[in-house]
Every structure is written in structure tokens, then in C-alpha cells.
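Report on the structure given below.
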Amino acid sequence: MNKPLRRIAIFCGLLVLALLVRDNWIQYVQASALKDDKLNRRVAIERYATPRGDIIVDGKSITGSVKSASSDYEYKRTYKDGPMWSPVTGFASQAFGATQLESIDDGILTGNDDRLFFRNTLDMITGKKKQGGNVITTLNAAAQKAAYDGLKGRGKGAVVAIDPSTGAILALASFPSYDPSAFAGNSNKDTKAWLKVQKAQDPNEPMLNRALRDIYPPGSTFKVVTAAAALENGLYTSADEKTDSPLPYNLPDTTTPLKNEGTIPCKNATMRVALQFSCNTVFGKIGVDVGKEKMLEEAKKFGFNSEQFIPVRSNASNFPEKMDRPQTALSSIGQFETAATPLQMAMVASAIANDGKLMKPYMVDKLQAPNVDVLEQTEPEEMSQPLSSKNAQILQSMMETVVKDGTGKKAQISGVTVGGKTGTAQHGVDNSEKPYAWFISYAKLPDGSSPVAVAVVVQDEDATRDSISGGGLAAPIAKSVMEAVIKSKQ
Amino acid sequence: MSSTTNSSQHHTSTIGAIGTPSRRNTELGLLVFAVVIPVFAYVNVGLAINDKIPAGLLSYGIGLGVIAAIGHLVVRKFAPYADPLLLPLATLLNGVGLVVIWRLDQSKKLQLLPNYVEAAPRQLLNSALGVALFIAVLIFLKDHRILQRYTYISMAGAVVLLILPLVPGLGFDNFGAKIWIRIPGLGSLQPGEFAKIALAVFFAGYLMVKRDALALASRRFMGLYLPRGRDLGPIIVVWILSILILVFETDLGTSLLFFGMFIIMLYVATERTSWIVFGLLMSAVGAVGVASFESHIQTRVQAWLNPLHEYKLSQSGVHDGILHSEQAMQALWAFGSGGTLGTGLGQGNSDLIGFAANSDFILATFGEELGLAGVMAILLIYGLIVERGIRTALAARDPFGKLLAVGLSGAFAIQVFVVAGGVMGLIPLTGMTMPFLASGGSSVMANWALIAILLRISDTARRPAPAPAPSPDAEMTQVVRP
């Protein structure tokens, strides 16, 4: 009977071998796929197993972690001034995942980033608990507060402030906003809070990051781009040269007149005067004279038609690529299909303030390991040069006139030179909806440096249409943001 | 040739070729490891979960040590030539199993389950009962051949045990498989585990008697030796029995186990490959036939083929009359998350498996917390137990002992394969427990009895033949001088 016994021994050995092979398959070959499977709850458990690192503004953290009541997620994210900072931080929720900085820098915040691998291994050996690193932002707490408080009084809108010399983002506010602390956990209460801020339940879309993810017709603020195109393409060489601008002015190839707001001195006005009074006829014609290709080229140099990553993604602003001559005229005064994110218009203001150089906008200054070693430092980077230094200075003087004597008087700050441009953009079918009030500006200190450029867009549901104007609604917000930045620099 | 004293030395060394060293001290040495390793594992779990050495360490260590020591002393006294590996290997598995069961007791998530009870103390008690049964077998079963007398009684006993769960009021349905009985005041029992041993005894006894008829009286057909119809009787009976288990108790595992065990023993008894071909064919027909109308089996197969889909179904809460289970996928995730070295005891999340995490699915906890390395070690320990069992069969001098040893080892191997393969997604899941590791009283007790029988057979096999009676002539031939 021994021969079959030996065969049975081999058979049993094969059974064990099959198990060993299968075990190697699932625990070695497929291990990482199974381990990182999104449906594998361990991924989320791991994420919340240690207190997350913090997002830091001006040396203070705007986030925190608390022990959570959940049975398997140990820590829960908390936010300080959540609604004010949520356009910057995004959210990290046990139930609903993470977005924006919380998602992009998740590896650093949870401590799972490859760059922390060596440290984690050391910690494991020495028995220390894994820690998350910190994300140091470029934001300015005072400017953010000024921006958010300004918006809060006025309805829907957004503010973006940039340091023109570096591209560092100083303020990024959106209103209405949401408190990411409300749904950071995974209880029923969190689910309720989450549903409450979704578009389906709240038509005001508090979850929409208006500063980065929504595009608005920029209206008259776009005229500075048109002016830049005129200067760059040699159509006019100075701010005080008379332009060839008839009044009334019919859209080319049509009999439809392009109207100005009120009776303003636009006939053959200089670009300075035209910008000061916001002449549609002058800039509409300049756009047509420059031509759609050159206009598009200039707009693209300012960042139009491409997404920005700061590192949070911002939607691409739009300057139409296909249009006829009347549409070119309308597009050149920020109407037709021209649409921009508040970030985009802040970039326009910052490029002009920075003598024509557009710096790539960014909001993460550095990534820090748990022991505050710097893992990654963002260096300011030139993105493009939409206009020459000389032309930039011409445009600056024009924008300064707007604030000194024109539509932007409410942005004046004593002892500081402010340049700006207002905008009131009609939208909706037959301009039926409340217009957007825009204001873009920059501040220039007596020493010639320019610490801040800002773009504000506000849509006020309560104000009557006539009272809405960039100068009246948006300029005061821009002013307080600029003041906050200047004050914090001193 | 020299003096008388010299000659006596010479005499023993000649006998020594027949006798084997008892190896009891090897067993004792290995047992020390088998006790120390689980104690370290216990400390490990305590430190990982509560940051302190568990309070019960002393009693657990002493308890396991005493169980092992008593087992060893009984073997030393009653089966001195028994295999030295089996007792330490079983002790080690039982010990680490206890630690992991205790570890799962600490899980907050499992404590929230509606029918949560602390399983470790019960398992410790059952292990002690198991070792008591082990001792009883070694003391009272002086020679395994005695079992041969109980061939048909064993069969009757096995059938009764298998039918018990179907008796109304006694048996109960636990998550799809009707394999438990409830004894008032004592708790629940899985009679199938004991039936395994009883059936092995019956098969060994029956086949020993019938093996010549089964082996020789056959017709050759297409290159295979086909058995005669009348000899087919028993195999058909066993086949039907296993199908009935499958149908009425929806227990694919046990059914496979009995049929596989029978085929192995039949093959060893007759040395005819045709039996294996025949057996495989019949099991395939039986399985496919039953699966085509048993929704429970179909669900298991579905979960095996596409565990992720089954997981999603269980999460979405569809009501299609089928109990969808996330467990197959949860087990795979547990294994994958463990990777090569595992998370360390007490630091995994295998409690996500939920119900049966400490019984049918206990291997997944080993996979997650001890990693590929740990599971391979566990599988190799099982492999060693099986191979020591078959080694015992090879060494046994009587056909009954050979058949019984190979039957028990084969059944053990199939059980390990079916459970581990099911949990690891190699084959469809079946409701059976990992021998010695898993929480479950019947399983632990039956497997300790199984080890005791193997030790008894190996003791008989390795025991030196009685010394020949001293010949009165010996002295005479020695004194011849030149």
C-alpha cells in the first residue's frame, strides 16, 4: 500500500503548494492593488488614523484634528473660520472624501507621501506614531478676512488678491461659502450638513468656489486687456493720443449701435479718457482695429483660455476663438462670450502692476515635514510677458486716472497710488439677470513697489440694477483688501 | 570476541537497528517553542492594542504551558514512541489561534455586532477539553486496531451525527449552513467534525476487508479497470450521503471533505487509479447537479467568481431574496493589505470582515497582521502535520492503521485546503473552520482527538519489536575457545 501512500503525500503537498501560490498571488502580486483599492475601507481608516497635518496661514494653522466618535476613523478634521477659508482648504471628510488643497497635498498631510517614507520607516522602528506634514500657504489672513467680510455684506461673489511681484496668492474668498467642519465626520449629522450645502438643496451653491471655478463676463474690466493689445500692437503708442473713435458707433458690418452708459465724452477720446469713463465705443472699435487674432493672442498671454493650477485647478477663462467683427467688438469690451474667473482678472491686474510681467499664481509656499524640514518650496516663476514694461507703465497711469478721477474713486487709499478698473457686466437672456459688479485694481507704495493686485466680483440680489456698478459695490471691497495687505506689510 | 559484558553490548546494538529512539525529548524541546511563541504573540497584541502587557498573560502562559506539559507527559507515558512533531505543531496552532481570537475580541467593531460574545475564554476552555479528549484517547485506546472492531458502529454513529442538525428543535440554521446542533445548557456543537473521525474509522475497517475484491475483481474498459457493480455499492452510498449533506445542510465543505477522504482511502486500499477518475467524475456530477438548483451554492460561486460585484450588491442593499455577503471581498482586502510582512498583530483591520472573523475567516486576520510570511508559515505547519500523518501511515505495519492514518491526514489536508482556499478566493467559500486556529469548540476537540489517534498509530508503528526471548544456547556458543 506504500506506493499510493506516497502519491497521496505528493497530492497533499500539491494542495498546500496551491495554497502557497495563491497566497503569494494575493499578498504579493496583487497586494498593492488590493491595499489601495478605493473601496477598501482601510484606505480611509489609514487616512484618519493619525491627526492630519495642518494648513497654515501667516504662521497659524487654519485647520485642526479632533478625536472622532466613529468606530474606525480615529481623527476628524476641524477648520477654524471654515466658511472663510474653505475656498483655500477645500474639505477632508470621512464620508465624502477630500478636495482642493486637502486632496492635492493629502500625501503630505497624512504623512503617506513618498518623501516621508524614510522618516516613517524610522518612526516605525522607534515606535513613534506616524505624523502628517504641514502645508504653508502664501495667504494673508488680514486680506482674506477683509475680502470675506466685504463679500458677506453683499451677496454672491468672489475676491482674489495676488502679490504681483511673485504671483503669491494673498486672498481667495468666495461667498456664499460652507463650513467644511460641518461634514468632516461620517455620522448622519454630517450627511445632513452635506446635503444642505449641495446645489439641489441650496440654489446659491455654497460649495462652488467662485474664485476659481466659475467664469463671469468681465465687462468693462476687460478693457484693460484691449488697451494692452492696442499698445502692444502699436495701434496707439500713448495714453494721451487721440483715438479714431466716432460717436455714435455702429457695430461693424451692422446697423446696430454700440451704446455707452450715459452721456460720456467718448468721441475720439484718448485711451486715458476712454478708460476713465469706460467708453464702450472706443474699446469696441480698438478691438476690431487690432483684430481678433491679435486680441486672442494678447488675452492668451494674460492667461485666458487655459486652466491654471495654483496648485488647485482653476477653470479656463474664455476669450472667443471664432467670431465675426461685431462679435470682436463686443468681446473686446468683455461681453459676448468673453468670460473670466476672478483669478484671471486678478492676474491681469497683477501683470500690469508688475510692469508687464505675469508671475505664475500659486498659493502653497512650502510643504513641511512633521519635524518642520522643508520638503518643497515654491519659487516664483514668470509665466509670460503680456506687455512691455513701457506699455505697462502707460496702462498703469491710465488705471490710476480711473481711480483718481473716474469710476473707481471709491478705491482711493491715502498715501498710496491705486490703479483700477470698474466693470458692470450684464448677463442672462436679454440682460434680464442681475449684472455682475467687477473691480480690478492694484496698489503702489511710494517706493514704487506694488504689494497687491486684486479682483472683486459681486452679484447683489437685493440692489436695484441701476445702483450696481463696479465702482459702487466692488471697489470698496478691493480697497479694504489692499489696505489689509499694505498694513500687514508695514 | 571477548568477555560476556562485551557480548551484551554487542547484543543491544544489533537490536538497536530494529528499535528507534523515542524522541520524547525532541518533542519537549519543540513544545517549549510552541508555548513561548504564542505567549510572545499575546504580549505583542496587548502592546499593540492597549499599549500594555495584557493582564491575563500569566494565566494564559501558565494555562497553555500546563496543557502542553500534561499532553507531553501523557504521551511520554502512554505512547512513548509516537511522532514527536504532531503534539508541538498542534499546540502551536492552538496557541496562536487563541491569541488571534483574543485579539479579535478586543475589536470595537466586532463588539458592536449583535451576537458578540467574548470568544477567547470559551476557546481556552474548549482547548482544555480538547486536550482532555486527546489524553483520554491515548490512555484508553491502547492499540488503534481495537477500533477495527467498531467498524459498523462507527458508521452508524457517523450517520447519526450527520443527521442530528436536521432534527427539528435540535439543529439550527446559522447563516445559511445547517450544521450545528444546540444542546440545552451546553451550547452549540458541530457534529460533522466528529463524524469525520467516525467515518474514517468505518472506511478503514470496511476497505481493509473489501480491498481485494475491489482491487482484483474488475473489468478492463478503455484502459481503465472498472469495478464490478456490487463493489460499487459503498462508493455510491457515500456519494449519495455527501450529496444529501450538500442538499439538506447546504454544507459544500463537509460534503467535499467526506467524499475526498473516501476516494483517498479507496485509492490507497485498492491501488487502482481508476477509482480516482471515477471519484472525480462523480463529485463533479454531484456538485454541478446540486449547484444548478441550490441558490445558496450559486451565491457562493458568484461571490467566488466576482467578489467585488458581490461586495457592491451587499453594500447597495438589494433585496433579491439572496443573502449577499461582502465577506469574500473583505477577506481579499485583508490579505492584500497585509502584504509581505503584515501590519503586526493587533494593528490590522480584519475586523471589517465582521461576522465569523474569528472562525471561518480567521486566516484573513493572520494574512493581514502577519503578512505573507505568517500565512506561509501557518500553511507549512499544516503541511507538516499532514505529511507527518502520512509518514505515520507509511510506517504503520497493519493495513487498518495505514488506512486510518492516511484517511485522517487526507481529511485534514482537504479541510485545510477547502477553508484556506475559500478564504483566499482560490475556490468558492464553504463554511468550515481552520483546524486548531478557528474559534469553535467541536472543531478543536475533534482535531485534538484526531491528533491523538495519529499519535497512537505512530507509537504502534515505531515501537521496537519485543526483544526475542533469550536463548538458552547463547551462553554455550560463546564459550567456544580455540
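A few notes on this one:
- Cα centroids of the range B:95-162 and the range A:174-204: 53 Å apart.
- Dmax and Rg, reported as Rg then Dmax, of the range B:145-464 (C-alpha, Å): 20.3, 66
- Computed from phi, the 3J(HN,Hα) profile of the range A:262-275 under the Karplus parametrisation 6.51, -1.76, 1.60 (θ = phi - 60°) reads x, 8, 10, x, 9, 5, 6, 5, 5, 5, 4, 5, 4, 6 Hz, with x in place of Gly and Pro.
- When you restrict to C-alpha pairs under 8 Å that are six or more residues apart and normalise by the size of the range B:274-411, the relative contact order lands at 15 percent.
- Placing pseudo-labels 7 Å out from each Cα toward the beta carbon at B:Ile240 and A:Phe117 gives an inter-label distance of 6.4 nm.
- Helix A:475-489 axis, angle to chain A major axis (alpha carbon atoms, nearest 10°): 60 degrees
- The accessible surface of chain A, taken with every protein chain in place and a 1.4 Å probe, is 51 percent carbon and sulfur.
- Each Lys and Arg Cβ is given +1 and each Asp and Glu Cβ -1; about its Cα centre, the range B:145-464 then shows a dipole of about 1600 debye.
- With the cut-off at under 20 Å, measuring from each backbone N in the range A:120-136 to a point 7 Å along the Cα-to-Cβ line of A:Thr78 picks out A:131-135.
- Taking amide H as placed 1.01 Å from N in the peptide plane, the amide H of A:Leu251 sits under 5 Å from that of A:Thr256, A:Leu258, each at least 5 places away or on another chain.
- Averaged per residue, the protein assembly as shown has 42 square angstrom of accessible surface, using a 1.4 angstrom probe with ligands and nucleic acids left out.
- Pairs of lysine residues in chain B that meet both criteria, 8 or more places apart or on different chains and Cα atoms under 21 Å apart, total 9.
- Relative contact order of chain A, pairs being alpha-carbon contacts under 8 Å that are 6 or more residues apart, as %: 16 percent
- Buried solvent-accessible surface, both chains (B, A), 1.4 Å probe, Å² to nearest 100: 3700 Å²
- Interface residues, the range B:384-410 - accessible area loss of 40 Å² or more versus chain alone, probe 1.4 Å: B:Glu387, B:Ile390, B:Leu394, B:Lys402
- 3J(HN,Hα) from dihedral phi, the range B:284-296, Karplus parametrisation 6.51/-1.76/1.60, rounded to Hz, x for glycine, proline: 5, 4, x, 5, 5, x, 5, 4, 6, 10, 9, 5, 4
- Only Lys, Arg (+1) and Asp, Glu (-1) charged, at Cβ; the protein assembly as shown dipole about Cα centre in debye: 2860 debye
- Rounded to two decimals, the Cα-based Rg/Rh of the range B:103-178, with Kirkwood Rh, is 1.12.
- Rg to Rh quotient for the range B:232-273, alpha carbon positions, Kirkwood Rh: 1.03
- Applying 1/(1 + (r/R0)^6) with R0 = 25 Å to the Cβ-Cβ distance of A:Asn204 and A:Lys300 gives a FRET efficiency near 0.15.
- Nearest 10 degrees, 0 to 90: helix B:120-140 Cα axis against chain B principal axis: 30 degrees
- Element breakdown for the range B:145-464 at a 1.4 angstrom probe: carbon and sulfur atoms account for 66% of the accessible area.
- Relative to the longest principal axis of the Cα atoms of chain B, the long axis of helix B:252-270 makes an angle of roughly 20 degrees.
- The range A:100-115 - phi-based ³J(HN,Hα) in whole Hz, Karplus 6.51/-1.76/1.60, Gly and Pro as x: 6, 4, 4, 8, 5, 9, 4, x, 5, 5, 7, x, 8, 4, 4, 5
- Kirkwood-Stokes translational diffusion coefficient of the range B:70-122, alpha-carbon pairs, 10 °C, 1.306 mPa s, µm²/s: 119 µm²/s
- Computed lengthening from A:Thr191 to A:Ser488, 0.36 nm per intervening residue step minus Cα-Cα distance: 103.0 nm
- Charge tally in the Cβ shell below 12 Å around B:Gly374, where Lys, Arg are +1 and Asp, Glu are -1, B:Gly374 excluded: -3
- Only Cα pairs under 8 Å and 6+ residues apart enter the sum, and on that basis the relative contact order of the range B:145-464 stands at 17 percent.
- For the protein assembly as shown, A:Cys12 have no disulfide-compatible partner, since no other Cys C-beta lies under 4.7 Å from theirs.
- A dipole drawn for the range B:107-181 from +1 and -1 charges on Cβ atoms has a positive end, and of B:Leu110, B:Tyr152, B:Gly169 the residue lying farthest that way is B:Leu110.
- Distance from the range B:56-87 to the range A:352-410 (C-alpha centre basis), Å: 79 Å
- For chain A, the residue among A:Pro87, A:Ser306, A:Val454 whose Cα projects farthest onto the positive side of the dipole built from Cβ charges is A:Pro87.
- Nonlocal amide H pairs with A:Asp36, under 5 Å, H built at 1.01 Å: none
- Distant-in-sequence amide H partners of A:Val452 (H built 1.01 Å from N, under 5 Å): A:Ala443
- Put A:Tyr442, B:Tyr81 in order of accessible area, highest first, and with a 1.4 Å probe you get B:Tyr81, A:Tyr442.
- Percent of Cα pairs in the protein assembly as shown per distance bin of 20 Å, from zero to the largest separation: 12, 30, 21, 17, 13, 5, 1, 0.
- Comparing the full protein assembly with the isolated chain (1.4 Å probe, heavy atoms, ligands and nucleic acids excluded), the residues of the range B:251-270 losing at least 50 square angstrom of accessible area are B:Tyr267, B:Val268.
- Label zone at A:Ser384 (point 7 Å along Cα-to-Cβ), backbone N below 19 Å, the range A:335-350: A:335, A:337-350
The values are calculated or read from the model by the stated rules, or taken from the named source; none is laboratory data. Everything numeric here is computed off the predicted structure, so don't read it as measured data. Every residue, glycine as well, gets a Cβ built from its backbone with ideal geometry; the counts of neighbours run over all protein chains shown. Keep in mind that these areas ignore ligands, DNA and RNA; they rest on the heavy atoms of the full protein, side chains included. Shrake-Rupley method; radii C 1.70, N 1.55, O 1.52, S 1.80 Å.
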